Amino acid sequence: MTEQERMKQGYIWEDDEENLALQAKCKALVKKFNEMPTEAMAEREALLHDIFGEVGENVWLNSPLTATIGKYVTIGSGTYANMNLTLIDDWKITIGKNVLIGPNVTLCTTGHPIHPAHRTDGMYSFPITIGDNVWLGGNVMVLPGVTIGENSVIGAGSVVTKDIPANVVAFGSPCKVYREITDRDAEYYFGDRRFDEQPERE
């Protein structure tokens, strides 16, 4: 069994020539992306299709971006990521449609054994799934194997160690569900600020 096969089946694996070659290719493409001017919108969008496995329409990722392999990442249409998105994508990362990703977010599919006697054996990787319409606040860390359900909000600074259901607000380290998203959230956008009390746009 190759190291890539071991990784894809959830076994302990190590870097080999195949994986290092994939990393080198991704790093070169990401470097090119990060060096592009912001106004080169068409060129940046085209390069995202070279970096990642699948990218929808109207996806915008701010620089700088960091990715490991690239080809295992799927990004849905309408997704926006602020600066310093880090993808430790040794294995699959699936990001849904219309996802908002704050600054300094890390999605990490890979970890190491806890016991020191086995930590040098290698690493393990498990997929991450981010549902449609999720909002990840700034400095969120999502760990291997986690799924975040559609529409949910993950508060800034959270460390997401376990699955989060759909339609909830969750935060903390470790991240825990605080409440469900309710009809009140359709009336108020911040504190006591109502959507229907805003001035009209000119």
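All of (1) surrounded by 15 or more Cβ atoms within 10 Å (Cβ to Cβ); (2) within 18 Å of Pro103 (Cα to Cα) hold for Thr161 with one exception: (2). Of all residues in the range 106-120, exactly one satisfies the criterion of being in a loop (DSSP other than H, G, I, E, B) and either aromatic (Phe, Trp, Tyr) or crowded, with 16+ Cβ neighbours inside 10 Å (or both), namely Thr109.
Residue selection: Lys8 fails the criterion of being out of contact with any strand residue (DSSP E or B) (no Cβ under 7 Å at 6 or more places or on another chain), without any contact (Cβ under 8 Å) to a residue 60 or more places away in the chain and open to solvent by 60 Å² or more (accessible area, probe 1.4 Å).
Here is a yes/no grid of residues against (1) at pLDDT 95 or above; (2) within 14 Å of the chain's Cα centre (by Cα); (3) outside any strand (DSSP E or B):
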| position | (1), (2), (3) |
| --- | --- |
| Gly145 | yes, yes, yes |
| Lys162 | yes, no, yes |
| Ala166 | yes, no, yes |
| Ala170 | yes, no, no |
| Pro174 | yes, no, yes |
| Val177 | yes, no, no |
| Arg184 | yes, no, yes |
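Among residues of the range 29-43 that are without any contact (Cβ under 8 Å) to a residue 40 or more places away in the chain and farther than 14 Å from Thr68 by Cα, none has a Cβ under 7 angstrom from a residue that is assigned to a helix (DSSP H, G or I) and among the hydroxyl-bearing types (Ser, Thr, Tyr) at a sequence gap of 6+ or on a separate chain. When restricted to residues that are open to solvent by 30 Å² or more (accessible area, probe 1.4 Å) and in a strand (DSSP E or B), the range 53-99 contains 8. The criterion of being under 22 Å from Pro174 (Cβ atoms), without any contact (Cβ under 8 Å) to a residue 24 or more places away in the chain and surrounded by 18 or more Cβ atoms within 10 Å (Cβ to Cβ) holds for Ile148. Tell me yes or no: at least one residue of the range 121-138 is of a type in the set (Ser, Thr, Tyr), part of a loop (DSSP other than H, G, I, E, B) and within 23 Å of Val159 (Cα to Cα). No, the range 121-138 has no match at all. Out of Asn139, Asn133, Asn151, one residue alone is at positive phi and touching a Lys or Arg at 6+ places or on another chain (Cβ under 8 Å). It is Asn133. Quick check, is Lys27 open to solvent by 60 Å² or more (accessible area, probe 1.4 Å), in a helix (DSSP H, G or I) and under 14 Å from Asp89 (Cα atoms)? Spelling it out, Lys27 is indeed open to solvent by 60 Å² or more (accessible area, probe 1.4 Å), in a helix (DSSP H, G or I) and under 14 Å from Asp89 (Cα atoms).
The values are calculated or read from the model by the stated rules, or taken from the named source; none is laboratory data. Keep in mind that what you see is a predicted model, and the values were worked out from it rather than measured. Cβ coordinates were reconstructed from backbone atoms using ideal geometry, including for glycine residues, and neighbour counts include every protein chain displayed. With ligands, DNA and RNA removed, areas are computed over all heavy atoms of the protein, side chains included. Shrake-Rupley method; radii C 1.70, N 1.55, O 1.52, S 1.80 Å.
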